[in-house]
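Peer 1: The structure under discussion is supplied below as structure tokens; questions concerning it will follow.
The values are calculated or read from the model by the stated rules, or taken from the named source; none is laboratory data. Everything numeric in this text was worked out from a predicted model, so none of it was measured. With ideal geometry, Cβ positions are generated from the backbone for all residues, glycine too; neighbour counts draw on all protein chains shown.
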Amino acid sequence: PLKETLAAALLKLAEWEPSLPFLDPFCGSGTLPLEAALQALNIAPGLYRDRFGFQTWRDFDADLWRQLTQEARRSQLSQLTAPILGSDEDGGILKQAIMNAQNCGVDDVVKFTRQKLSQIEAPSDRGIIICNPPYGKRIGNPQELGALYKLMGDVFKQRFKGWRAYVLTGNKELAKRIGLRTSQRIPVYNGSLPCTLLKYELY
């Protein structure tokens, strides 16, 4: 699973802006689409968290904290300027994604769909894909994932012209199966796993 901090970093590295449609075709429990929604709606990190450890400190100022959280709530937006979409073929994990969206307060703006990679179509003529497909370290057998990566490259090339795609992977051999030329390779760590964020300009 992808940590929220890494998801936020990937959005930053991809230079995603809320005016661009966002799609994660391997969304799992929804970390990337949810982080995108929180940023797009200007929802402060941790705003929906019940308690923080510092609230037990002796010099904690409850009135100041209440003022800050009220200001944060007033500054958040209610609508997206472009759609944020997540899909996965695993219905069970999508239920978790929907629950996570509810916990974040963005379940009414993020759209999750149960869908195979082969069924995905571009919702607009431009946008950005950021995804973390399985690469055989924690999920999936690397010998069986080659066909999935080839399909991913074919779907991106044939159906997402005008888009940018970013793929996080920790397996160089699988990355080659995508079959597209990268315009940038950014080294990152997913926990302790060394990975690469691959950028593709889709024409």
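Peer 1: Would you be able to say whether some residue in the range 54-65 is more than 30 Å from ASP125 (Cβ to Cβ) and within 28 Å of the chain's Cα centre (by Cα)?
Peer 2: Let us first name the residues in the range 54-65 that are more than 30 Å from ASP125 (Cβ to Cβ), namely 54-65.
In the following step, the residues that additionally are within 28 Å of the chain's Cα centre (by Cα) were identified as none.
No, because not a single residue in the range 54-65 is more than 30 Å from ASP125 (Cβ to Cβ) and within 28 Å of the chain's Cα centre (by Cα).
Peer 1: Answer yes if at least one residue in the range 149-161 is surrounded by 19 or more Cβ atoms within 10 Å (Cβ to Cβ) and touching a Cys at 6+ places or on another chain (Cβ under 9 Å), and no otherwise.
Peer 2: Looking through the range 149-161, at least one residue is surrounded by 19 or more Cβ atoms within 10 Å (Cβ to Cβ) and touching a Cys at 6+ places or on another chain (Cβ under 9 Å).
Per-residue answers, yes or no, for (1) closer than 17 Å to GLY86 by Cβ; (2) under 19 Å from the mean Cα position of the chain (by Cα); (3) modelled with pLDDT under 95:
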residue	(1), (2), (3)
ILE130	yes, yes, no
MET152	yes, yes, no
GLN158	no, no, no
GLY162	no, no, no
LEU168	yes, yes, no
LYS172	no, no, yes
GLY179	no, no, no
ASN190	no, yes, yes
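Peer 1: Let me ask something else. Right, LEU198: under 19 Å from the mean Cα position of the chain (by Cα), of a type outside the set (Phe, Trp, Tyr) and crowded, with 18+ Cβ neighbours inside 10 Å or not? Working first, answer last.
Peer 2: Numbers: under 19 Å from the mean Cα position of the chain (by Cα): yes; of a type outside the set (Phe, Trp, Tyr): yes; crowded, with 18+ Cβ neighbours inside 10 Å: yes.
For LEU198, the condition - under 19 Å from the mean Cα position of the chain (by Cα), of a type outside the set (Phe, Trp, Tyr) and crowded, with 18+ Cβ neighbours inside 10 Å - is met.
Peer 1: A further question on this structure: With ARG114, ARG58 as the choices, which residue is more than 28 Å from TYR200 (Cβ to Cβ) and basic (Lys, Arg)?
Peer 2: Details: ARG114 fails: more than 28 Å from TYR200 (Cβ to Cβ).
Result: ARG58 is the single residue among ARG114, ARG58 that is more than 28 Å from TYR200 (Cβ to Cβ) and basic (Lys, Arg).
Peer 1: Only one residue in LYS111, LYS116 is among the charged types (D, E, K, R), under 30 Å from ALA147 (Cα atoms) and exposed (fewer than 13 other Cβ atoms within 10 Å of the Cβ). Which one?
Peer 2: Working: LYS111 fails: exposed (fewer than 13 other Cβ atoms within 10 Å of the Cβ).
After applying the criteria, what remains is LYS116.
Peer 1: Then there's this: If we keep just the residues of the range 1-31 that are hydroxyl-bearing (Ser, Thr, Tyr) and not in a loop (DSSP other than H, G, I, E, B), which is farthest from VAL109 (Cα to Cα)?
Peer 2: Residues of the range 1-31 that are hydroxyl-bearing (Ser, Thr, Tyr), as a first pass: 5, 19, 29, 31.
Now drop any that are not not in a loop (DSSP other than H, G, I, E, B), which leaves 5, 31.
On the way: THR5: 21, THR31: 14 Å.
Top of the filtered list is THR5.
Peer 1: Report yes if SER118 is touching a helix residue (DSSP H, G or I) at 6+ places or on another chain (Cβ under 7 Å), modelled with pLDDT of 95 or more and hydroxyl-bearing (Ser, Thr, Tyr), otherwise no.
Peer 2: Numbers: touching a helix residue (DSSP H, G or I) at 6+ places or on another chain (Cβ under 7 Å): yes; modelled with pLDDT of 95 or more: yes; hydroxyl-bearing (Ser, Thr, Tyr): yes.
In short, yes.
Peer 1: Limited to the range 32-69, what total is found for residues that are free of Cβ contacts under 8 Å to residues at least 40 places away in the same chain and assigned to a helix (DSSP H, G or I)?
Peer 2: Qualifying residue count for the region: 14.
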